[in-house]
Each structure stands twice: as C-alpha cells, then as structure tokens.
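Okay, so here's the structure we're looking at.
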Amino acid sequence: MATTVRLSRAERRARTRDDLVDAADALFSANGFHATSVDAVADAAGYTKGAVYSNFASKEDLFLAVYDRRADEAAAAIERELEEAPDPITGIETLARARVEQRSPGDGWLAVFFEFWAHVLRHPELRERFAAIHKRVNEPLAAAAGQVAAEHGIEPEQPVARMATAYYAMQLGLQLERLTQPDVVDAELAGYVARRSLEDMVRQGEKR
C-alpha cells in the first residue's frame, strides 16, 4: 500500500508559489504582461485568485518572481558556457550568437521582457528591484571581461563593469532588432560585434 507523503505548511506554500510562477511564466510569454490577468494565472495553476495574492503583492511582483528565476537560470547557463569555452572572448562570442539564434518560445519571453522593462520606466518603485535582477545576469559577463583584461595585462579605458554593461545592452539591442529585422540581425552579426568589442578593448588597453 502506497504511503501518502504529507507536506509541511512551508512545503505546501513553496509548491503553490512554484506552480504560480510556472503558470505566470507560460502566460506572460504567450500573451504579454498587460494582457495576462491574475485570474488567468490562478486558473492555469489550479488555484484561486486569493492564492496568488497570498504569495505575491501584485501582478508586477509575480512577474519579477518569474524574472528572478529566469535570471538565476540564465546566469548559471552563462557561467557554464564560459567555463566550457577555450577562452573568455570565444565564450562571450558563442553566447552572443546563441542569444540571437533563439526563436519561439524564446521570442515570447523576449517580447514580454521588453514590455515589462517599458512598464518599469513608468513605475519608479519597481526600478531598483528590476535593476538588481538584471544586474545578476550581467555579472558572469563582467567577470569574463575582467579575465580578458587580466590575461592581457591591461587596464581598460573604462571600468570592466561599465564595459560589460555596455556590451550586455548592445546584445539586448541586437535581440530586439532581430525580432523585427531578422534579415539584418543574425547570429553572425551578434558574434562579430561581441568579439570585436572585446578585441578592441584589448588593443586600446595595450596602447596605453
């Protein structure tokens, strides 16, 4: 006879939260942030609307929970890719190519990510939390850029963290442009821009 495992209250709450984040991720990616209601998330997860609000303060809070989880997964994937690469520049180039090559369902997340970013600009109370999550994804790239500088014995004209932020913004911009101009922006362009920017950093540092 099978034994029923009884979950603790904390375990049940954690499972409910995970289920809601799973449902929200799927619906936000498919339909967008504004078009997705809290009711729809609750229904998809198999809970009541009250369960959503007992775990999240608002729909924005729920979206940030989705982004928080995705950021952890993305940062871990970036770290693995960089560790497996023969050198940091090749690793960053490979990552850039892969991000631009992503297609549906990745495009759905990319679209809602930019939608929510625009939403954050009109809601200053969300900016600090959004920026903190956003920064976590960039940290492995900053570390890799720092490794490039150290291996070549250079001190870049700009601090490595600033350079990495500019690089990340450039890659996000390419991903955005690829959504509407796939004939112009492709993996080859993304890889070229990533490698060229790092090689230029090295050249400029060696001239100083």
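Rule-based calculations on the coordinates, nothing more; no lab input. Remember, predicted model here, so these are calculated numbers, not experimental data. No Cβ is skipped: glycine too gets one built from the backbone with ideal geometry, and neighbour counts run over all protein chains shown.
A few remarks follow.
- The chain: calculated mean residue ellipticity at 222 nm from DSSP helix runs of at least 4, using -39500 (n - 2.57): -27000 deg cm²/dmol
- Among 90, 36, 180, residue whose mean-square fluctuation peaks in a GNM of the chain (springs only between Cα atoms under 10 Å): 180
- When the P(r) of the stretch 1-136 is calculated, the portion above 21 Å amounts to 52% of the C-alpha pairs.
- Candidate lysines - alpha carbon under 26 Å from residue 49, same-chain residues fewer than 8 apart omitted: 59
- Per-residue HN-Hα couplings for the stretch 70-79 [Karplus 6.51, -1.76, 1.60; θ = phi - 60°; Hz; x = Gly/Pro]: 5, 5, 4, 5, 5, 4, 5, 5, 5, 4
- Estimated vicinal HN-Hα couplings, Hz - the stretch 21-26 in sequence order (Karplus 6.51, -1.76, 1.60; Gly, Pro = x): 5, 4, 5, 5, 4, 5
- For the stretch 59-207, with +1 on Lys and Arg beta carbons and -1 on Asp and Glu, the positive-most of 197, 113, 138 along the dipole: 113
- Percentage relative contact order, the chain, counting C-alpha pairs under 8 Å, at least six apart: 24
- 5 Å binning of all Cα-Cα separations within the stretch 125-208, expressed as whole percents from 0 upward: 3, 14, 21, 20, 17, 13, 8, 3, 0
- Rg and Dmax of the stretch 59-207, Cα atoms only, in Å: 15.8, 51
- Evaluating 6.51 cos²θ - 1.76 cosθ + 1.60 at θ = phi - 60° for every residue in the stretch 12-17, the Karplus couplings come out as 5, 5, 5, 5, 4, 4 Hz, glycine and proline recorded as x.
- Seen from every direction in turn and averaged, the convex hull around the alpha carbons of the stretch 1-56 projects onto 4.6 nm².
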